[in-house]
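This report refers to the structure that appears directly beneath it.
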Amino acid sequence: MHDLLHATLLTLGIAALSLLSILPGGVALGWLLARRHWRGKALVETLVALPMVVPPVATGLVLLKLFGRRGPLGAFFERTLGFEIVFTWKAVVLATAVMSLPLLVRAARVAFEEVPVRFEQVARTLGASPWRTFFSVTLPLARRGLLAGATLAFARALGEFGATIMVAGYIPGETNTLALDIYHQVQLGHDGAALGLLGVSVALAFGALTLSEWLLRRRPPAAAVAADTDTPDCLAATATPASPDADGPQTALVFEGLRWQAGTFLLETDATFAGRVTGLFGTSGSGKTTLVELVAGLRRPLAGRICLGTQCFADAATGHRLPPEARQIGFVPQDGALFPHLSVEGNLRFAERRAPSEGRAARRAHICGLLGIAPLLGRTVEALSGGERQRVALARALVSAPRLLLLDEPLAALDAARKAAILPHLRRVRDELRIPMILVSHSRDEVLALCDSLAVMESGRLLQHGPVAEVFRRPASDAVARIVGVETVLPGRFLGGDGALAAVEVGGVRLFGMGDQLPAGTESVLVSIRAEDVILTRDLAASQSSARNRWPGRVVSLVDEGALVRIELDCGFPLVARLTRQGVDELALAPGREIVALVKAPGVHLIAR
């Protein structure tokens, strides 16, 4: 019994020492394999995995040649430190560590790969250094996988035999672990003793494996998701006006010769965003999010400069590039990227460390009141609804005292009701805090409600930038007209003009529009007409009206769009109008119905081709 207890304690001690010896390096190597790319990475991965596929005695032989008295490492330790490794308990620790390392590294790599990079990126934009990001965000989120991997490595160390017998031998009282003792008892013919040792070994391994599987499969307890608390009470907080300097020219965001490329996609732009809220509008894949991430410091430009006021964020010509944590920018991605291991209040306190220490509590309380999240501070992230998560993510960015706020489609994942509930909060942030914002959006309603200027992008190019109403009313090209959602865009022939009023021909029908911005010599134009600018009447005689354009036609189809109805017309050219359901009923519109379309000249936008 004494021998069994000694072998068991020795095995547990050796396994613990081997785990402690490989834990820091194994975790670091797993992180490097998961997060970094470098030349020779595949070779390192192969070398780490090698002990799992070659015979353990082969690994032991290599260790014996390296750490033996005549080996390069063994001679070094004996000469400089005065101790031997082989055929001592140190050799057992060495062998078990080498055989356990691959399991720990592979588990650590998978654990780090399962942590979304977006969490780390957001932490950096909130002012966290790379080290703080690792210890405060990455490591806690990967902890279950790391603990499972460490437990698996410990279990492997408990049963190590092949490499150990080669490099440590069987020395009673010093290297006789359970595995080596089982072998020794069988050699002596003591099967009963061997079976007893086997039982203890299996029990220890079974317990370790069970713990590892439990850690991998365990999930945090699901919390009940509460309904949104977007009630009038949440909007009743008293606001403290922001400094009037927040809107000055020093906050202009400037892109000079900016260039970034990935594969065949190329983003190039020269622009200055000086509005309070600038919208980035365009189809998916146009480069909106890439541009925002370049501003946040999450991507590196190939050429050009990015400046906010007098501060240069990046200059490819000189190699200057401020890290994300030094840019003092608030970034709210589409999913919010709230840290799931922290409570709502924990998320806010993580971010506010960048803000001046004086007045932090007052600032946090003001923003919580502004966004109506004071009742949510004690909740976990899992207990929040979609709308609440977005408000908390916005509050987290604001408490970090940003000079610029980047909102990457913050409402895209929400339904119409939650969008309508959050828009008032965004308006209050815009009007009361007066922090310059860049809003990425696909929604016309969002940019019209929040933005004072709009930048339209397609395929990495900035097609038009100007006041929101101007861009929607007067798109600079057919591509802009298509992107912003002008329903009718048709080619026409320029007939001439009288002052600002110009006449064009489309499909044999004469139209009148504003031609004051057409260059001299224009012959061909594109005509863009928004559906909201088309008025319909059943008075076929086209009664007195100030509208310069009166086109008789017929209804081709009606398309239900919820509260509104899209009416497709044939007026000698295809035309689209949009009416309320009441308007459709009052005019008794139906396919084939004759109708007259009225459009004022300013509603017919002419684009030179």
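Values in this text are rule-based calculations from the coordinates and carry no lab data. Note that the structure is predicted; figures quoted are calculated from it, not measured. Note that each Cβ is placed from the backbone with ideal geometry, even for glycine, and that neighbours are counted across all protein chains shown.
The gain in end-to-end length when the R132 to D516 segment is fully stretched comes to 132.5 nm, 0.36 nm per residue minus the alpha carbon separation. Where the alpha-carbon atoms of the range 232-471 are placed on the principal axes, they occupy 47, 38, 36 Å, in descending order. Among 302-310, 396-404, the peptide with the highest mean count of other Cβ atoms within 10 Å heads the list, and the full ranking is 396-404, 302-310. Our estimate of slack between E432 and A500, defined as 0.36 nm per intervening residue step minus the Cα-Cα distance, is 20.5 nm.
In plain terms, the chain is cut at each of the GluC sites (Glu not before Pro) found in a DSSP loop with at most 13 other Cβ atoms within 10 Å, and the longest leftover piece is 115-357. Principal axis analysis of the Cα atoms in the range 395-534 yields extents of 58, 30, 28 Å, listed in decreasing size.
Let a ≥ b ≥ c be the square roots of the eigenvalues of the Cα gyration tensor of the range 351-413; is it rounded (a/c under 1.5), or, if not, prolate (a/b larger than b/c) or oblate? The shape class here is oblate. The tail of the calculated P(r) for the range 486-608 beyond 25 Å holds 23 percent of all Cα-Cα pairs.
What you get for the chain, charging only the Cβ of Lys and Arg (+1) and of Asp and Glu (-1), is a dipole of about 1100 debye around the Cα centre. Cβ crowding within 10 Å ranks L9, L291 as L9, L291, fewest other Cβ atoms first.
Panel order for V604, V555, by other beta carbons found within 10 Å of each beta carbon, from fewest to most: V555, V604.
With 0.36 nm allotted per residue and the present C-alpha distance subtracted, the A317-T537 stretch has 73.1 nm of extension available. Note on the chain: along the principal axes its Cα atoms extend 116, 56, 51 Å, ordered by decreasing extent. For L302, what is the net charge nearby, where nearby means another residue's Cβ is under 13 Å from its Cβ and Lys, Arg count +1, Asp, Glu -1? So the environment of L302 carries a net charge of +3.
Here the range 38-191 is assigned +1 on the Cβ of each Lys and Arg and -1 on the Cβ of each Asp and Glu. Its dipole about the Cα centre then comes out at about 700 debye.
Computed across the range 471-526, the Kirkwood hydrodynamic radius from all distinct Cα-Cα pairs reaches 11.8 Å. Its Cα gyration tensor gives the range 436-485 an equivalent ellipsoid; the semi-axes, largest first and in whole Å, are 16, 12, 10. Our coupling estimate for the range 517-523, obtained by passing each phi through the Karplus curve with A = 6.51, B = -1.76, C = 1.60 and θ = phi - 60°, is 9, 7, x, 4, x, 5, 10 Hz, Gly and Pro reported as x.
Placing unit charges on each Cβ (+1 for Lys and Arg, -1 for Asp and Glu) gives the chain a dipole about its Cα centre, and among V292, Q582, P72 the Cα reaching farthest toward its positive end belongs to P72. Projecting the Cα atoms of V599, A563, G553 onto the dipole axis of the range 529-609, where Lys and Arg carry +1 and Asp and Glu carry -1 at the beta carbon, places V599 farthest toward the positive end. Cross-link partners of K288 among aspartates and glutamates, defined as those whose alpha carbon lies under 17 angstrom from its own and excluding same-chain residues fewer than eight positions apart: E256, E268, D270, D335, D408, E409, E446, E458. Normalised size of the range 46-140, defined as Cα radius of gyration per 2.2 N^0.38 Å with N residues, equals 1.56.
Listed from fewest to most Cβ neighbours within 10 Å, the set V115, V54 follows the order V54, V115. Hydrodynamic estimate: the Kirkwood radius of the range 249-340 over Cα pairs, inserted into Stokes-Einstein at 10 °C and 1.306 mPa s, corresponds to D of 114 µm²/s. The Cα center of the range 566-586 and the Cα center of the range 340-395 differ in position by 47 Å. Other residues within the sphere of radius under 9 Å centred on the Cβ of L267, judged by their own Cβ, net out at +1 (K and R +1, D and E -1).
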